[in-house]
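To start, the structure itself, in structure tokens.
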Amino acid sequence: MLRKFLKTHSLRNILFVLVLIGIATGLGYLATRHHVQRDVTYNTINSLEPGSVEVLKQLDGPVNISVYATEQDARLGDIRKIIRDFLSLYQRYKTDMQLVFIDPEKDEEKARAAQIRFNGEMVVEYAGRSEHLTKINEPILTSTLLRLAHTRDQTVMYLDGHGERKLDGIANYDLGSLFGAKLKQNGFHLGSLNLALAQEVPSNVSVLVITQPQLELMRGEVDKLLRYVDRGGNLLWLVDAEPLRGLERLAEKLDLLLPPGIVIDPAASGMNAPATWSLGATYPPHAITRNFNLITAFPSARPLIWNESTDWQHNVLVEVAPRGWVSRNKPSDKPRDENRLSGHPFDKQHDIPGPAVIAMALQRHINDREQRIVVVGNGAFLANSYAGNGGNVDLGMNMVHWLASEERFINLQPHAAKDSSLMLSKVQLEIISGIFLLVLPLLLAGVGIYIWRKRRRA
């Protein structure tokens, strides 16, 4: 009987071990075939932003990263481990991202040839192009990869010489602090163009940006602009609710009507903003607005109307104020008024009921290529004072990417670094300290006394 029991018991153990091995083998096989992971850390610090993942998908070939770092850094310690752990987040999505470590002290010639200046400096290479990085975080590395993904140089120039907004200016009126900086971050080369000095608009310009001139353009300057359009040049025209000052012929060339007036949007008043602001929330389908669902704000926007033309195809990009109107009278904004619309009453005789179109895209085929133009009835939405509102900069970047025929980079914007710091008030620190230093020890002591008394009675 005992022998039979032992035999049965041994057989049961063997079967249990075989089943356990089979389950482990099956799980191992599934793990190699299907990668499933979930980041449960605070602020998902161990995962990449969706925009970074999309950028990696755009990189067809391998990415090589050479890290010039010693084994130990006097300030950071094992700097190689820090970089290796961070880049592993990218290697999850791009397996052909190669990482090589080089000790600049042991291999001085190679470090000198690569023009290395700092310990931990990295050289990122893709498609025959390279950039140096001395800092590392997700926005910096993703921006670098995005710039390297541009296989051809793209130049964005802005019209200058008449008091226009500058793409590299830092004044509140200019566009450089956010929009211009984002253009550079995404690999575009910026430059100014004074048509009083230049013979023509350069042929290597990918996109020409025209903002509101404060002085009248000379006829010869406008002639050069019109020749640029006739040659098929791409244009971003940000036209404010002011006199065109010589650009009337450009509007005529584009079959645009630019009636006077400012859009009044009651939705802005509901958001505690001036009624002269127009809010974009839903957008007609277009490559520029694909998957774009951010709110945009346009201070003192003017409406756009167009003539039907056989030359140009017009597509609405932003339509605002469905419950608003276009005010022909110059509004006197009272931002501190409880009723934001009190200074902008609707005038049935002069005002035009909404909705109003304030941004549109134009296309036509000319000289065996597709010409693209975007007109926005507002330049302030990308100005340094207002560009930080909602998705203003993202929409502006989408416009430039589309104009430069770089649709694959639309909506691929690196975002700010994730905030992994935890700020606690004095009261919160005292509560946490009390729990760990007083409550928890007393609780453990109470459990211990309870178990000791229970055993003693038994």
Per-region count, the range 187-225, residues touching a Ser or Thr at 6+ places or on another chain (Cβ under 7 Å) and either part of a loop (DSSP other than H, G, I, E, B) or small (Gly, Ala, Ser) (or both): 4
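Does residue 136 count as free of Cβ contacts under 8 Å to residues at least 60 places away in the same chain, among the aliphatic types (A, V, I, L, M) and in a loop (DSSP other than H, G, I, E, B)?
yes
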Conditions (1) assigned to a helix (DSSP H, G or I); (2) closer than 13 Å to residue 301 by Cβ; number of the one not met by residue 241: (1)
The one condition in (1) modelled with pLDDT of 80 or more; (2) assigned by TED's automatic domain parsing to the domain that holds residue 125 that residue 21 fails to fulfil: (2)
Verdict on residue 181 being among the aliphatic types (A, V, I, L, M), assigned to a helix (DSSP H, G or I) and surrounded by fewer than 21 Cβ atoms within 10 Å (Cβ to Cβ): yes
Conditions (1) out of contact with any His (no Cβ under 7 Å at 6 or more places or on another chain); (2) crowded, with 18+ Cβ neighbours inside 10 Å; (3) farther than 24 Å from residue 248 by Cβ: number failed by residue 228: (3)
Any chance residue 176 is assigned by TED's automatic domain parsing to the domain that holds residue 221 and either among the hydrophobic types (A, V, I, L, M, F, W, C) or at pLDDT 90 or above (or both): yes
Hits in the range 289-315 - residues which are closer than 28 Å to residue 365 by Cβ, modelled with pLDDT of 90 or more and among the hydroxyl-bearing types (Ser, Thr, Tyr): 289
Residues of the range 122-137 that turn out to be among the acidic types (Asp, Glu) and modelled with pLDDT of 90 or more, as a count: 1
Test: residue 360 is at pLDDT 90 or above, in a helix (DSSP H, G or I) and either in the same structural domain as residue 281 (by TED's automatic domain parsing) or not basic (Lys, Arg) (or both): no
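The values are calculated or read from the model by the stated rules, or taken from the named source; none is laboratory data. Since the structure is predicted, the reported quantities are computational estimates derived from the model, not experimental observations. Ideal geometry is used to build each Cβ from the backbone, glycine not excepted, and the neighbour counts take in all protein chains shown.
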